[in-house]
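Worksheet: the structure to be examined is printed underneath.
Here, each number is a calculation from the coordinates, and none is a lab measurement. Nothing here was measured: the structure is a model prediction, and the numbers come from that model. Heads up, the Cβs are rebuilt from the backbone with ideal geometry, glycines too, and the neighbour counts pull from every protein chain shown.
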Amino acid sequence: MNAIPLPPEVFGLCIDPDRPLIVVDVDEVLGLFIRGFEQFVGTHGLEMRIDRFALFQNIYRPGETTHLDVKDGRKLFDAFFECNPQLMEVAPGAPEALAALADSATIVILTNAPPHSRPARARWLIDNGLPYPLVIGAGPKGRPVAAMAGRTRLGTAFIDDLLPNLDSVEQEAPGVHRFQSVADYRLRPFAPSAPDRHQRFDHWPDLAVAIASALDLRV
Ligand SMILES: [Mg+2]
């Protein structure tokens, strides 16, 4: 089986070997993705019903009980990423928390957004006070996180909303501190978790304290 190649940006990142590293996801961690996507599908006469931890299975035509065809949902997803990032609000407290942590740690954004979304996504990060290097990946995040973590002598923290990504990092880079965070309060009850293996903090002020403690930082 061929492994997915590492995102090329991983090799060009400036990672200080003498500072801890924080690798953080975007959708549902730094940004309220589902809420933004919900507004976007609304402009197409569709609605989202947040009754499970899913994406394409949550889009409906009003009055219908069967969700939109997954293929059509994916087209909307691609269009949202390419043209409408301004609809996504930043997660409360995230820019302030990362700005404080950035005083003593390297921050890298690792997102599995579609490649064509790079310009819009980079602009969204800047516009929302998140001026950190952006890596666009694909597939499980364990290998890219392991590659980045291997470039600092100090600790690394990884934050994501998705259990498979957290599990992947545990498998590929077991020394990395893992944190789960789910920004949208409606999704929180449905998000699969494993608190015995990955600490979970859904609010950035709490998350920042936990990251700082794990990496021995002052914030
Ligand atoms: Mg995410």
Inset, instruction - Report relative contact order for the stretch 34-87 in percent, whole number only (criteria: Cα-Cα under 8 Å, sequence separation at least 6). - result: 33
Legend entry - Loop GluC sites (Glu not before Pro), the stretch 72-103 (other Cβ atoms within 10 Å of the site Cβ: 16 or fewer; DSSP): Glu89
Inset, instruction - Enter the Cα centre distance for the pair the stretch 119-189 and the stretch 1-56, rounded to the nearest angstrom. - result: 9
Inset, instruction - For Ala100 paired with Asp72, estimate the spin-label separation in nm (one decimal), with each label point 7 Å from Cα along the Cα-to-Cβ line. - result: 4.6
Inset, instruction - Report, for the chain, the % of DSSP beta bridges that are antiparallel, rounded to 5. - result: 15
Legend entry - Descending Cα extents along the principal axes, the stretch 34-87, whole Å: 29, 22, 19
Legend entry - Ranking of Lys71, Lys141 by count of other Cβ atoms within 10 Å, fewest first: Lys71, Lys141
Legend entry - Positive-pole candidate from Phe201, Pro144, Pro131, dipole of the chain, charges at beta carbon: Pro144
Legend entry - the stretch 170-219, relative contact order in percent, only Cα pairs under 8 angstrom and at least six apart counted: 34
Legend entry - Angle in degrees between helix 33-42 and the longest Cα principal axis of the chain, rounded to the nearest 10: 20
Legend entry - Largest to smallest principal axis extent of the C-alpha atoms in the chain, angstrom: 56, 37, 34
